[in-house]
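What follows is a short report on a single structure.
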Amino acid sequence: MSLRILHVLDHSLPLQSGYAFRTLAILREQRALGWETFHLTSPKHYASQAAAETVEGWHFHRTPMPKGGLDRVPALGELKLMSALARRIADVARRVGPDIMHVHSPVLNALPSFRVGRRLGIPVVYELRALWEDAAVDHGTTREGSLRYRASRALETYALRRAARITTICEGLRGEIVARGIAPERVTVIPNAVDVEAFRAGRAPDAALRESLGLGRGTVLGFAGSFYGYEGLDLLLEAFALLRPRHPDLRVLLVGGGMQEEALKGQAARLGVEAQIVFTGRVAHEDVQRYYDLIDILVYPRRSMRLTELVTPLKPLEAMAQGRIVVASDVGGHRELVRGGETGYLFAAGSAPRLAETLATALDRRGEWPRMIAAGRRFVEEERTWRRSVQRYVDVYRALLPGAPELQPAA
């Protein structure tokens, strides 16, 4: 019999997010190992209220939102979510009979999973993708150091201590987990990665699209993703204004949208560079690659905060896989991915003048680009493929199911 794994998720396809794409990569590679996976989303997956849904060939069990919605009284809404999810986990687990329950953050998924796992005798792996208290600060629902923040942090630590095994996405989060008193041997990094076959370097850009966007013939700086404040896109606009006198043909292409979009457009107007900055708005996932192909240098100017210092993003890996030059701030999450001067350029986080200087250096040293592009692609191929990352789950699961034949080393 094959190993059976029940994944408990915050959300999934058809919602488009880094969370959903990481999940899909994990499921695909676990299936390639011969394992059988089952998938259940929390009530926070609001795209469907059906009990089940098949999306792009993947079957997802759903947990409908509790009747009457969420209570506005602090903590009561979360309790309703967890209660509904616990009932749904128990129902699905009894039907599919998993050997392991693999629950993915946030902690609101973990606590119901532990309860059901203990009742049904199923070991639970907790995959921490971001700390709940820091995500709450990022989304503006709490302040760092507040009572709600401290309570969220305490709940996360409680969950980490109850998990049979813990996986996380980067060394920054692993260090934070261990600092909370968790034994290092219980924590395994399953790093973010890319499907290298899905990205090809040297693709010819779409000339018609370039012309329709008014990008001209000069070098294009770009960013693709959600426009959150911590991404530091305002620093990119400031740096661009500083560069423009020396590089009049330079353009900026911003693909996506989000909370900061209107503020960024206003800033571009105040700086007098709105004619050289193209805002595409949100683009269908299947079309994003056409826009990537127009960008020469992908810029990731994230500001320094707990989230960006601890958590590694996917975007710089995708950029390297596509043969793009990467310029990124030197926050901890970027330093795990970008080797300054080797696979990309790093600059002091939070400084528009330093970003402008770094971009000027990159523009003046085009002769280094082929070497840097090759080094970035090699780093991804050798260290950051999803196949390589997902293989690390073998040892995690083996620790919980030492006799399972599917988890034994090859003879």
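The values are calculated or read from the model by the stated rules, or taken from the named source; none is laboratory data. None of these values were measured; they are calculated from a predicted model. Please note: Cβ atoms are built from the backbone with ideal geometry, for glycine as well, and neighbour counts cover all protein chains shown.
Would you check which residues across region 21-35 are aromatic (Phe, Trp, Tyr) and within 22 Å of residue 286 (Cβ to Cβ) and list them?
Within region 21-35, the subset aromatic (Phe, Trp, Tyr) is 21, 35.
The one that is aromatic (Phe, Trp, Tyr) and within 22 Å of residue 286 (Cβ to Cβ): 21.
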Pairs under 7 Å by beta carbon, first residue closer than 10 Å to residue 301 by Cα in region 326-342, partner among the polar types (S, T, N, Q) and at pLDDT 95 or above, six or more apart or different chains? 327/358; 331/304
Anything in region 84-102 that is part of a strand (DSSP E or B) and either hydroxyl-bearing (Ser, Thr, Tyr) or closer than 12 Å to residue 112 by Cβ (or both)? List them, or say none. 101
Can you name the residue in region 132-161 that is assigned to a loop (DSSP other than H, G, I, E, B) and among the polar types (S, T, N, Q) and is also modelled with the lowest pLDDT among such residues? 141
Within region 1-17, the residues that are loosely packed, with under 15 Cβ neighbours inside 10 Å, closer than 16 Å to residue 407 by Cα and touching a helix residue (DSSP H, G or I) at 6+ places or on another chain (Cβ under 7 Å) are 2
Name the residue that is surrounded by the fewest Cβ atoms within 10 Å (Cβ to Cβ), counting only residues in region 34-91 that are on the phi > 0 side of the Ramachandran plot and at pLDDT below 90. 68
Give the residues of region 244-263 that are more than 22 Å from residue 19 (Cα to Cα) and buried (at least 19 other Cβ atoms within 10 Å of the Cβ), sorted by residue number. 250, 251, 252, 253
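Please indicate, with yes or no, whether at least one residue in region 349-357 is more than 30 Å from residue 186 (Cβ to Cβ), modelled with pLDDT of 95 or more and touching an Asp or Glu at 6+ places or on another chain (Cβ under 6 Å).
yes
Sort through 335, 366, 392, 387 and tell me the only one that's basic (Lys, Arg) and over 15 Å from residue 192 (Cβ atoms).
Numbers: 335 fails: over 15 Å from residue 192 (Cβ atoms); 392 fails: over 15 Å from residue 192 (Cβ atoms); 387 fails: over 15 Å from residue 192 (Cβ atoms).
None of the other options fit; the residue is 366.
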Do you know which residues across region 234-269 are at pLDDT below 95 and aliphatic (A, V, I, L, M)? 259
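So that you can scan it fast, the table gives a plain yes or no per residue for (1) surrounded by 17 or more Cβ atoms within 10 Å (Cβ to Cβ); (2) closer than 12 Å to residue 396 by Cα:
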position	(1), (2)
154	no, no
161	no, no
164	yes, yes
170	yes, no
173	yes, no
176	yes, no
185	no, yes
190	yes, yes
Take region 173-201 and flag every residue that is under 30 Å from residue 369 (Cβ atoms) and either at pLDDT 95 or above or not in a helix (DSSP H, G or I) (or both). 191, 192, 193, 194, 195, 199, 200, 201
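Considering only region 206-294, give the helices (runs of 4 or more DSSP H) lying wholly within it that have at least 3 residues that are hydrophobic (A, V, I, L, M, F, W, C) and touching a residue at least 40 places away in the same chain (Cβ under 8 Å).
233-243
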Pairs, please: C-beta under 8 Å, at least 6 apart or cross-chain, first residue in contact (Cβ under 8 Å) with a residue 12 or more places away in the chain and in region 372-390, second surrounded by fewer than 16 Cβ atoms within 10 Å (Cβ to Cβ) and of a type in the set (Lys, Arg)? 375/339; 379/339; 386/28
